[in-house]
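Worksheet: one structure, shown below.
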Amino acid sequence: MSDCLLEARNLSKIFYYRTGLFFQKSDEALKSVSFTLKEGKTLAVIGKSGSGKSTLAKILSGRIEQTEGELLLNGHPLQYGDYAYRSKQIRMILPNPDISLNPRQRVGELLNIPLKLHTCLTDFERKKQIHQILRQVGLSVEHANDYPHMLASGQKQRIALAYALILQPKVIIADEILISLDMPMQAQMINLMLELQEKQGISYIYITQHLGIIKHISDQLIVMSEGEIIEHGHTAEVLASPLHHVTQSLITSHFGQALTAEAWRQDNKDF
Ligand SMILES: Nc1ncnc2c1ncn2[C@@H]1O[C@H](COP(=O)(O)OP(=O)(O)OP(=O)(O)O)[C@@H](O)[C@H]1O
């Protein structure tokens, strides 16, 4: 049996938008994107701004529909509009929790929403689940009573992770989630995500322009440009010997130089 958890087959997305009363333009944001993700592994997606990364994340999480192509989870096709099913399988971490958390909602109320919407758990069981998730992300159960403004940035990021984890999905999508945190906080979050992956077999799709992070956490790497996958392979191999000039320029602009196998071995700290 194949150990492939998620498969994208020729995903394409064309956005149509009006430019005047009688005019319409289109933007081909994704062009026949295919990849597979194994259970308990991390796939990183990198690319310059406008390359289609967020469009891909939105299609995977079911927020927008692909124009063409198929998505399969454990070999079964996922349909657009199947949000109740998909949100238990694939969840996106809330981007920028400093802004996206509702200031009038206590943490426990926020985490209760997906449980109420998508499970048949009793009040007591939901409370138990919320406390368990808070502990899993390294927070205390008392944080369930806090409002977002009472939390530090790193704690808000943990709440965003808890919100993604609460329905126990198989795949978590992280789109540029650590950008607002300082380096020690980024390291803490990454260690937490890796620990959850080891214990629970979660698979991550990690989207970023920050190569320092993906070098440490991802198994496979996809490089996107103008809606297409231009390079794909083991992260260490792609970063040490990039074939495409866009990958080469992403690497030199991040690390200041090409990443030789020797540089790769020596660098074990640079987030
Ligand atoms: N709702 C939309 N309507 C029209 N065009 C869109 C829409 N969303 C994205 N696009 C276009 O699709 C292309 C890919 O955008 P996307 O946001 O997926 O790229 P990205 O790699 O995530 O960029 P960034 O790193 O800046 O977020 C861009 O040309 C963008 O203008």
Checked against (1) away from the ligand (no atom under 16 Å from the Cβ); (2) surrounded by fewer than 17 Cβ atoms within 10 Å (Cβ to Cβ); (3) of a type in the set (A, V, I, L, M, F, W, C), Ile99 satisfies every condition except (1)
Given (1) within 16 Å of the ligand (Cβ to nearest atom); (2) touching a residue at least 24 places away in the same chain (Cβ under 8 Å); (3) in a loop (DSSP other than H, G, I, E, B), index of the condition Gly40 fails:
(1)
Any hit, region 152-171, residues being under 20 Å from His234 (Cβ atoms) and not in a loop (DSSP other than H, G, I, E, B):
yes
Do you know which of the residues in region 43-69 that are of a type in the set (Gly, Ala, Ser) and in a strand (DSSP E or B) is surrounded by the fewest Cβ atoms within 10 Å (Cβ to Cβ)?
Gly69
Pairing a residue in region 85-107 that is under 13 Å from Leu151 (Cα atoms) and modelled with pLDDT under 90 with any residue that is among the β-branched types (Val, Ile, Thr) and surrounded by 17 or more Cβ atoms within 10 Å (Cβ to Cβ), where Cβ atoms lie under 7 Å and the two sit 6 or more apart in sequence or on different chains, gives Pro97/Ile159; Leu101/Ile159
Take the residues in region 1-30 that are aliphatic (A, V, I, L, M) and more than 11 Å from the ligand (Cβ to nearest atom); name whichever of them is modelled with the lowest pLDDT.
Met1
Can you name the helices (runs of 4 or more DSSP H) wholly within region 205-257 that have at least 2 residues being over 19 Å from Ile179 (Cβ atoms)?
235-240, 245-255
Taking the condition of a type in the set (Phe, Trp, Tyr), within 15 Å of the ligand (Cβ to nearest atom) and either at pLDDT below 95 or under 23 Å from His210 (Cβ atoms) (or both), does Phe35 pass?
no
Only one of Lys156, Lys199 is of a type in the set (Lys, Arg) and either within 17 Å of the chain's Cα centre (by Cα) or at pLDDT 95 or above (or both); which?
Lys156
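The values are calculated or read from the model by the stated rules, or taken from the named source; none is laboratory data. Not measured: the values here are computed from a predicted model. Heads up, the Cβs are rebuilt from the backbone with ideal geometry, glycines too, and the neighbour counts pull from every protein chain shown.
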